[in-house]
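Only the coordinates and a few stated rules stand behind these numbers; no lab work does. Remember, predicted model here, so these are calculated numbers, not experimental data. No Cβ is skipped: glycine too gets one built from the backbone with ideal geometry, and neighbour counts run over all protein chains shown.
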Amino acid sequence: MTNDETSMSRDELIAAFAQLHDPAWLATLPEPPSYRQKQHRRYREALALGWHGTAMDAVWRAASEADMLTQAEHRDNDLPPARMIELIGLLDWS
């Protein structure tokens with residue numbers, strides 16, 4: 001078996017690994033999405049597909065992470081529609 005791909009030289013490998021620790025290069029990388037941003041995407045996608053339960057779960061999870069829930073609101077199905085609408089507004093997802 002042969003490998004037709006070119007291999008990196010030792011110096012190229014050293015330079016590539018050094019770049020991984022270069023603060024200037026690291027500053028050019030985009031920030032990964034936050035948990036709340038991921039839940040917002042999940043919420044939008046679920047609504048688009050008509051999966052209202054999944055969308056409400058995403059609202060509850062994001063609100064929980066943002067510490068917006070009361071002690072009694074320990075599950076998304078415990079929240080009345082008016083509270084869900086309020087949380088969506090507080091999350092600025094409207």
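Before moving on, here are some points about what is shown:
- Thr54 vs. criteria closer than 16 Å to Met84 by Cα, hydroxyl-bearing (Ser, Thr, Tyr) and more than 13 Å from the chain's Cα centre (by Cα): yes
- Of the residues contained in region 24-35, one or more are found to be farther than 30 Å from Ile88 by Cα, surrounded by 11 or more Cβ atoms within 10 Å (Cβ to Cβ) and without any contact (Cβ under 8 Å) to a residue 60 or more places away in the chain.
- Members of region 25-51 that are part of a loop (DSSP other than H, G, I, E, B) and closer than 12 Å to Leu87 by Cβ: none
- Ser94 vs. criteria in contact with a helix residue (DSSP H, G or I) (Cβ under 7 Å, 6 or more places away or on another chain), loosely packed, with under 13 Cβ neighbours inside 10 Å and outside any helix (DSSP H, G or I): yes
- Yes/no for Thr70 being free of Cβ contacts under 8 Å to residues at least 40 places away in the same chain, β-branched (Val, Ile, Thr) and in a loop (DSSP other than H, G, I, E, B): yes
- Among residues of region 36-64, those that are within 22 Å of Arg75 (Cβ to Cβ), loosely packed, with under 12 Cβ neighbours inside 10 Å and among the small types (Gly, Ala, Ser), counted: 2
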